[in-house]
1. Applying the selection to segment 47-71, what residues are buried (at least 16 other Cβ atoms within 10 Å of the Cβ), within 18 Å of Lys7 (Cα to Cα), of a type outside the set (Gly, Ala, Ser) and out of contact with any Phe, Trp or Tyr (no Cβ under 9 Å at 6 or more places or on another chain)?
2. Answer with yes or no whether Leu57 is closer than 18 Å to Ala13 by Cα and touching a strand residue (DSSP E or B) at 6+ places or on another chain (Cβ under 8 Å).
3. Every residue in segment 25-84 that is acidic (Asp, Glu) and outside any helix (DSSP H, G or I), please.
4. Tally time: how many residues in segment 38-66 are in contact (Cβ under 8 Å) with a residue 24 or more places away in the chain and farther than 13 Å from Val77 by Cβ?
5. Can you tell me which residue within segment 1-46, out of those that are within 11 Å of the chain's Cα centre (by Cα) and of a type in the set (Ser, Thr, Tyr), is surrounded by the most Cβ atoms within 10 Å (Cβ to Cβ)?
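Each value in this text was obtained by applying a stated rule to the coordinates, not by laboratory testing. Just so it is clear, the structure is predicted and the values come from calculations on it, not from any experiment. Neighbour counts run over all protein chains shown; Cβ positions are idealised from the backbone, glycine included.
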Amino acid sequence: MKNFTIKTQGTCARQIEFGLENGRLHHIHFQGGCSGNLSAISKLLEGADARRVVDLLKGNTCGNKSTSCADQLARGVEEALKEE
């Protein structure tokens, strides 16, 4: 498994860590942000197909922001897939 750490931009969460193995996400952890919602996202996405996660979450916004924690995760996963 390859582990990734991404610094977020424009969100309450400061950083997202996750593992990627055979195109599947593992051990997603957000630092900062809405702990209940982000914990739920992490649980729901454990073992999920990374490309599907990108398709589902990329472009999701939060309030009047142009991004969200989920969008930042999707962007990070998209970049990580290029390295896998």
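1. Passing the criteria: Val54, Leu57, Lys58, Cys62, Thr67, Asp71.
2. Against the criterion (closer than 18 Å to Ala13 by Cα and touching a strand residue (DSSP E or B) at 6+ places or on another chain (Cβ under 8 Å)), Leu57 does not qualify.
3. Glu46, Asp49, Glu84
4. Selection size over segment 38-66: 4.
5. Thr8
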